[in-house]
Amino acid sequence: MNVITNPTRPALQDELLRNVGRHVNKSFDWNAFPSNAGFPELARAQMRYIGAGGSPKVGDTSTLKPEHFTLSLIHKPVGNYAACHSHEIEESFLIIDGVLTVGWERDGEVVEVRLGPKDMILNARDVGHGFRNDGVEPVLMSISVDVGKPLPPVYLYHPKNTAPELARSFGAEPGRTLHFDRNSDHPLQQQMSRNVIRFTEQPTIWESAGFARKVYVGEGGIQNDTARKEMLGVPRGVGVKPYVRDVEDAFFVLEGSLTVGWVDEAGRTAEAELGPRDLLLTPAGRPHWFRNNGMTDAVVWSVIGEPGAEKVRFQAA
């Protein structure tokens with residue numbers, strides 16, 4: 001992560017900083033997806049934090065090495081769309097800014113759902129999906145693919161071999177687009193409804209350590225067998241004692257700031273403060289902790305490289 005080693009700085013601090021992705025040190029790549037070349041209506045930009053995601057740029061040394069998941073930001077201009085495609089693994093879209101229309105296709109029918117800030121969809125394996133910005137402001141979203149190195153996407157309706165109107169509707173002929181309805185008995189509606197999380201509808205779990213969790217993927221949210229994903233709310237002054245996981249986890253700050261720390265075998269500590277759109281990836285087996293020393297409450301997106309219920313019993317610092 002292009003961190004300059006300081007001989008007077010403890011090795012643990014250098015190691016921690018190498019696992020921090022600073023938003024201000026990154027830039028958006030408008031050429032991340034070669035299949036979009038020549039189609040301005042498909043243009044979107046990617047900012048890579050962990051791995052390459054759906055981009056073939058797996059050799060980017062500015063990103064953190066992926067293991068069980070990737071994480072990147074996508075900027076989608078107003079009016080543009082992404083052609084309908086499928087993956088061999090789950091892929092989540094968490095909306096940060098704007099409103100995104102996501103469509104799932106099956107047998108020429110498409111179900112479309114509109115997602116706002118802090119809403120998420122987990123796109124199912126081998127289900128054709130695309131997305132479109134029908135709003136009045138650019139969309140910024142975080143995308144996580146639930147495997148370290150996903151296979152290239154399989155395009156189902158792309159303007160290079162599909163009529164532009166059909167590609168823009170993700171493969172739906174006129175009259176075959178359905179608006180998202182959780183109460184519908186349509187099979188594709190039912191499948192999508194199990195994979196959409198509305199921030200305002202998801203229960204808030206208050207930990208005894210003093211912070212809050214909303215489970216998006218995992219026990220209490222969307223059932224899955226790959227990674228767990230949660231939204232954390234950390235009030236000012238709240239922190240937890242060091243804890244350890246058997247897998248890696250990532251903190252991506254959405255609002256406020258969060259101080260994060262590591263502990264080594266000798267009990268020495270290192271810490272860094274994350275601001276909005278900064279990320280920390282902590283490897284498996286590393287004791288780590290967090291606290292909010294900032295001026296406001298913090299909202300943090302958390303991705304953990306295993307499914308199931310939370311195993312950590314957090315203790316207030």
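Per-structure values
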{"item": "Conditions (1) in a loop (DSSP other than H, G, I, E, B); (2) of a type outside the set (Lys, Arg); (3) at pLDDT 95 or above: number failed by ALA82", "result": "(1)"}
{"item": "Filter result (assigned to a loop (DSSP other than H, G, I, E, B), surrounded by 12 or more Cβ atoms within 10 Å (Cβ to Cβ) and of a type in the set (S, T, N, Q)) within the stretch 143-179", "result": "THR162, SER169"}
{"item": "Selection within the stretch 88-124 - in contact with a Lys or Arg (Cβ under 8 Å, 6 or more places away or on another chain), surrounded by fewer than 23 Cβ atoms within 10 Å (Cβ to Cβ) and among the small types (Gly, Ala, Ser)", "result": "GLY98, GLY108"}
{"item": "Flag for GLU165 being closer than 23 Å to PRO276 by Cβ and of a type in the set (Asp, Glu)", "result": "no"}
{"item": "Some residue of the stretch 271-280 being assigned by TED's automatic domain parsing to the domain that holds GLY239, under 21 Å from ILE205 (Cβ atoms) and basic (Lys, Arg)", "result": "no"}
{"item": "Total residues in the stretch 276-317, condition aliphatic (A, V, I, L, M) and under 19 Å from MET120 (Cβ atoms)", "result": "7"}
{"item": "Test: residue in the stretch 272-283 that is in a loop (DSSP other than H, G, I, E, B), touching a residue at least 24 places away in the same chain (Cβ under 8 Å) and more than 19 Å from the chain's Cα centre (by Cα)", "result": "no"}
{"item": "Some residue of the stretch 230-238 being at pLDDT 95 or above, of a type in the set (Val, Ile, Thr), under 28 Å from VAL145 (Cβ atoms) and over 18 Å from the mean Cα position of the chain (by Cα)", "result": "yes"}
{"item": "Number of positions in the stretch 254-271 that are within 23 Å of GLY148 (Cβ to Cβ) and within 13 Å of the chain's Cα centre (by Cα)", "result": "0"}
{"item": "Some residue of the stretch 8-19 being in a loop (DSSP other than H, G, I, E, B), modelled with pLDDT under 95 and touching a Lys or Arg at 6+ places or on another chain (Cβ under 7 Å)", "result": "yes"}
{"item": "Options VAL244, VAL299; residue that is touching a strand residue (DSSP E or B) at 6+ places or on another chain (Cβ under 9 Å), surrounded by fewer than 17 Cβ atoms within 10 Å (Cβ to Cβ) and under 21 Å from THR70 (Cα atoms)", "result": "VAL244"}
{"item": "Residue check for TRP289: over 20 Å from ARG48 (Cα atoms), in contact with a helix residue (DSSP H, G or I) (Cβ under 6 Å, 6 or more places away or on another chain) and surrounded by 19 or more Cβ atoms within 10 Å (Cβ to Cβ)", "result": "no"}
{"item": "Filtered residue count, the stretch 22-59, keeping only those that are part of a loop (DSSP other than H, G, I, E, B), among the polar types (S, T, N, Q) and farther than 14 Å from LYS149 by Cα", "result": "2"}
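Condition check ((1) within 26 Å of ASP14 (Cα to Cα); (2) in a strand (DSSP E or B); (3) of a type in the set (Gly, Ala, Ser)) across all residues:
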position: ASP181; (1), (2), (3): no, no, no
position: SER184; (1), (2), (3): no, no, yes
position: ARG213; (1), (2), (3): no, yes, no
position: ASN224; (1), (2), (3): no, no, no
position: LEU232; (1), (2), (3): no, yes, no
position: ALA250; (1), (2), (3): yes, yes, yes
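The values are calculated or read from the model by the stated rules, or taken from the named source; none is laboratory data. Not measured: the values here are computed from a predicted model. Note that each Cβ is placed from the backbone with ideal geometry, even for glycine, and that neighbours are counted across all protein chains shown.
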